[in-house]
Amino acid sequence: MTPAGAGARVRVLFVSDTHLGFDLPTRPRVDRRRRGPDFFTCFERALEPARRGEADVVVHGGDLLYRSRVPASLVTRALQPLMRVADTGVPVLLVPGNHERSAIPYPLLAAHEHVHVLGGPSTVVIERSGLRVAFAGFPYARDVRPAFPALLAATGYRQVEADARILCLHQCVEGAACGPPPGYTFRDGDDVVRASDLPHDVAVVLCGHVHRHQVLRRDLRGRPLAAPVVYAGSVERTSFAERDEAKGFVMATIEAGGPGGRLVGCDFRPLPARPMRVHEVVTSVTSGLEREIHAAIEASPVDVVLQLRVPEVLAGAEALRAARLRALGPPTANVTVSVRHRAAESR
């Protein structure tokens with residue numbers, strides 16, 4: 001007999017850390033280019049394959065919003081792109097992240113027959129393309145290291161009948177890395193999941209929280225992980241520490257086989273994130289400052305997010321005032337000023 005799900009594959013669109021609402025005030029006091037629309041634009045672009053029928057399931061790995069206390073209007077706007085996908089019959093799963101304080105605000109706004117919020121340890125079984133896939137997970141958990149085995153067991157994923165299983169998290173996993181070179185690697189903190197605690201009977205761990213796209217296949221000692229851990233990363237650059245990172249989403253392909261299925265495809269698809277640049281101001285006199293700033297802006301892409309790092313002696317210079325910076329650069333740019341790590345937004 002042919003086993004259930006033999007030859008079938010499920011395509012999962014995995015997107016994470018959209019941080020919607022970032023730099024998007026409801027009543028802006030200054031008329032300038034805002035970063036907020038960039039995040040919505042990249043989120044919409046990430047979901048295009050699902051709207052074209054190229055994905056069987058969409059998983060959002062957490063931090064849909066930029067913080068937990070937001071107006072209902074922002075939650076509605078953030079959920080609309082996912083609701084449009086769900087309206088086509090494509091199931092959508094959300095893992096609440098730390099920015100939502102492990103819960104989606106105004107949960108009734110997410111009510112939809114094809115939208116599943118993993119608001120606690122739980123498992124959702126979805127059948128697509130002849131394959132039954134169990135999606136297990138839980139919201140972001142503080143001090144997850146000692147609690148992880150119990151949280152995993154509480155999902156009940158081993159008690160459901162499925163051809164493949166996927167674990168969905170919003171956590172730091174041992175071996176994940178972030179930050180500019182040389183970077184930082186998560187190892188043994190209370191907020192880091194042990195590599196040895198990852199289950200062996202899942203096809204893949206889809207994980208949010210770390211903003212750099214990466215696929216972990218081995219632990220810090222070089223031993224193969226029980227299952228690959230895939231970070232989609234964030235859809236936009238949220239800080240200058242991410243300025244050299246590609247931003248995008250992942251298309252993962254799952255098939256039956258083994259104890260929990262197999263990951264047979266993992267395609268990272270980049271998004272048009274805003275370019276970020278850092279310019280170290282060379283001059284130490286005010287007379288040449290404006291000329292140098294203008295040259296730095298001219299040498300950058302027109303829609304750049306540019307950080308000027310200036311000596312403390314120039315901190316109060318007229319050329320660094322918000323209105324003057326807006327006059328120097330194109331209206332599509334964002335320019336900030338950093339003085340010995342004390343950042344003050346100037347555009």
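Descriptive notes on the structure:
- Scanning residues 5 or more positions from Arg34 or on other chains, none has an amide H under 5 Å from its amide H, with H placed 1.01 Å from N in the peptide plane.
- Shape of segment 86-137, Cα gyration tensor, a/c cut at 1.5: oblate
- Net charge over other residues, Cβ less than 9 angstrom from the Cβ of Ala252 (K, R count +1; D, E count -1): 0
- Ligands, DNA and RNA excluded, the heavy atoms of Thr26 present near 110 Å² of accessible surface to a 1.4 Å solvent probe.
- Between helix 36-46 and the chain: long-axis angle, C-alpha atoms, 0 to 90°, nearest 10: 30
- Counting heavy atoms of the protein chains alone, Leu306 has an accessible area of about 0 Å² for a 1.4 Å probe.
- For Leu93, the residues whose modelled amide H falls within less than 5 Å of its own, excluding neighbours fewer than 5 places apart on the same chain, are Val58, Val59, His60, His116.
- Phi angles across segment 137-150 convert, under the Karplus curve 6.51 cos²θ - 1.76 cosθ + 1.60 with θ = phi - 60°, into 3J(HN,Hα) values of x, 7, x, 3, 10, 5, 6, 6, 4, x, 8, 4, x, 6 Hz, Gly and Pro given as x.
- Whole-angstrom Cα spans of the chain along principal axes, big to small: 82, 45, 32
- Cα gyration tensor, segment 230-301 - rounded (a/c under 1.5), prolate or oblate: prolate
- ³J(HN,Hα), Karplus 6.51/-1.76/1.60, whole Hz, each residue of segment 291-308, x for Gly, Pro: 4, 5, 4, 4, 5, 5, 5, 4, 7, 9, x, 5, 9, 5, 9, 10, 10, 9
- A cut-off of 5 Å between modelled amide H atoms, ignoring neighbours fewer than 5 places along the same chain, links Ser122 with Gly137.
- In this Cβ point-charge picture (+1 for Lys and Arg, -1 for Asp and Glu), the chain has a dipole of about 540 debye about its Cα centre.
The values are calculated or read from the model by the stated rules, or taken from the named source; none is laboratory data. Here the structure is a predicted model, which is why all the values come from computation and not from measurement. Quick reminder, even Gly has a Cβ in these numbers, built from the backbone with ideal geometry, and neighbours come from all protein chains shown. Each accessible area value is taken on the protein alone, full model and side chains, heavy atoms only, with ligands, DNA and RNA left out. Shrake-Rupley method; radii C 1.70, N 1.55, O 1.52, S 1.80 Å.
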